[in-house]
1. State all residues of the stretch 42-68 that are crowded, with 17+ Cβ neighbours inside 10 Å and either among the aromatic types (F, W, Y) or assigned to a helix (DSSP H, G or I) (or both); if no residue qualifies, say none.
2. Based on what the data block shows, is A206 surrounded by 18 or more Cβ atoms within 10 Å (Cβ to Cβ), among the aliphatic types (A, V, I, L, M) and modelled with pLDDT under 95?
3. Just the residues that are open to solvent by 70 Å² or more (accessible area, probe 1.4 Å) and in a loop (DSSP other than H, G, I, E, B), please, taken from the stretch 158-180.
4. Please find, among A214, A219, A270, the residue that is open to solvent by less than 10 Å² (accessible area, probe 1.4 Å), modelled with pLDDT under 95 and not charged (D, E, K, R).
5. Residue check: is A190 closer than 17 Å to R137 by Cα, in a loop (DSSP other than H, G, I, E, B) and open to solvent by less than 20 Å² (accessible area, probe 1.4 Å)?
6. Answer with yes or no whether L87 is under 23 Å from A44 (Cα atoms), in a loop (DSSP other than H, G, I, E, B), of a type in the set (A, V, I, L, M, F, W, C) and in contact (Cβ under 8 Å) with a residue 24 or more places away in the chain.
7. Assess whether A22 counts as being of a type in the set (A, V, I, L, M, F, W, C), without any contact (Cβ under 8 Å) to a residue 60 or more places away in the chain, in contact with a Pro (Cβ under 8 Å, 6 or more places away or on another chain) and over 22 Å from L256 (Cα atoms).
8. What residue, among those in the stretch 123-157 that are assigned to a loop (DSSP other than H, G, I, E, B) and either at pLDDT below 95 or aliphatic (A, V, I, L, M) (or both), is nearest to Q170 (Cα to Cα)?
Amino acid sequence: MPVPPAAPAAVAAPQPAVPERAPIAVLLPLKSEALGDAADVVRAGIVAAQGADQGPAVRMYDTTVDNVAQRYREAVANGARVVIGPLTRPAIAQLAPRVSVPTLALNTLDGTTANPKLFGLSVSAELEARQIARLMRQDGMQRPVVITGSGVLDRRLAAAFASEWTSAAQTPPRSLAAHDPALAGHLAGADSVFLALIDPAAVPAAVSALPRYAVSQLAVAHVPAALTGVKVVDMPWLVMARHPAVQRYPRPAEALTRATERLYALGIDAYRVARDMTAAPLQPGWRLDGVTGDLKLGRDRQFARTLPVQVLEGQ
């Protein structure tokens, strides 16, 4: 999961007094120069959910890739029955063989991770790209074109979409560069477009005549004309103000970007999942109507998220 940049202002969420032996431990890189701000937003979401639910207490542990296993052992020794974290894939890989209690990693799991007590909850944009591929098939699209940029995440979105589409259609979609000056001519025969882009300014005008689909990164607050009519998926926290869980949990104390709002929402749902983990083992098919989407636990111990669909409207 690419960790988006945090808002300039720190999130001022209250830190309640926690007993020494809290049932839920949280492992986050809170003092990391690169990830500390993002980790603090996730922490604030967890604290907000615990306060709203008056559920099991949490105790925070600051971690690095080098000390995550040691801090995990400390948390379990201090009575943690469930662990939330780590946040990054390298830290997850470091910890995976040592997991001894139900542990909810805040990222996608490596397919080789076999520990049955390790689970994954992620707001990865690649998962959204896979949902878009399924949505386009449901909408009857048969000849999509993937429009992508040169960025790392652009390419990952394109690959995730292509993998999901090909698994069902058996034929890979065509892929075209957004900056190709001859793009309009290459669109002949296409019936739809997946915008594997995270920069709204990179959306080419040449695709405007076709049905267009995109992930939440293009669901910007002020929709430019080029994005009007684009179908996107995004989490209930940002697009469903009347959703019961969205209404239940408090908004951040400080203004955040849309990207960091998603991390705050991840913290809320992570706590809700961990809360239920303390009561009973979770089985495949377990669901939560979450603020980050409709969560369903798969047999691979990762939570699939189904997001609501919206059509962007220009300002």
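1. The answer is V42, R43, A44, G45, I46, V47, A48, A49, Q50, Y61, V68.
2. On the way: surrounded by 18 or more Cβ atoms within 10 Å (Cβ to Cβ): yes; among the aliphatic types (A, V, I, L, M): yes; modelled with pLDDT under 95: yes.
For A206, the condition - surrounded by 18 or more Cβ atoms within 10 Å (Cβ to Cβ), among the aliphatic types (A, V, I, L, M) and modelled with pLDDT under 95 - is met.
3. First, the residues of the stretch 158-180 that are open to solvent by 70 Å² or more (accessible area, probe 1.4 Å): 167, 170-172, 174-175, 179.
Residues satisfying the conditions are Q170, T171, P172, H179.
4. Matching residue, one of A214, A219, A270: A219.
5. So A190 passes the test.
6. Details: under 23 Å from A44 (Cα atoms): yes; in a loop (DSSP other than H, G, I, E, B): yes; of a type in the set (A, V, I, L, M, F, W, C): yes; in contact (Cβ under 8 Å) with a residue 24 or more places away in the chain: yes.
Yes: the conditions hold for L87.
7. Numbers: of a type in the set (A, V, I, L, M, F, W, C): yes; without any contact (Cβ under 8 Å) to a residue 60 or more places away in the chain: yes; in contact with a Pro (Cβ under 8 Å, 6 or more places away or on another chain): yes; over 22 Å from L256 (Cα atoms): yes.
Yes: the conditions hold for A22.
8. Filtering the stretch 123-157 for residues that are assigned to a loop (DSSP other than H, G, I, E, B) and either at pLDDT below 95 or aliphatic (A, V, I, L, M) (or both), the one nearest to Q170 (Cα to Cα) comes out as M141.
The values are calculated or read from the model by the stated rules, or taken from the named source; none is laboratory data. Not measured: the values here are computed from a predicted model. Here Cβ is always computed from backbone atoms with ideal geometry, including for glycine, and neighbour counts include all displayed protein chains. When the accessible area is computed, the model is the full protein with side chains, heavy atoms only, and any ligands, DNA or RNA have been set aside. Shrake-Rupley method; radii C 1.70, N 1.55, O 1.52, S 1.80 Å.
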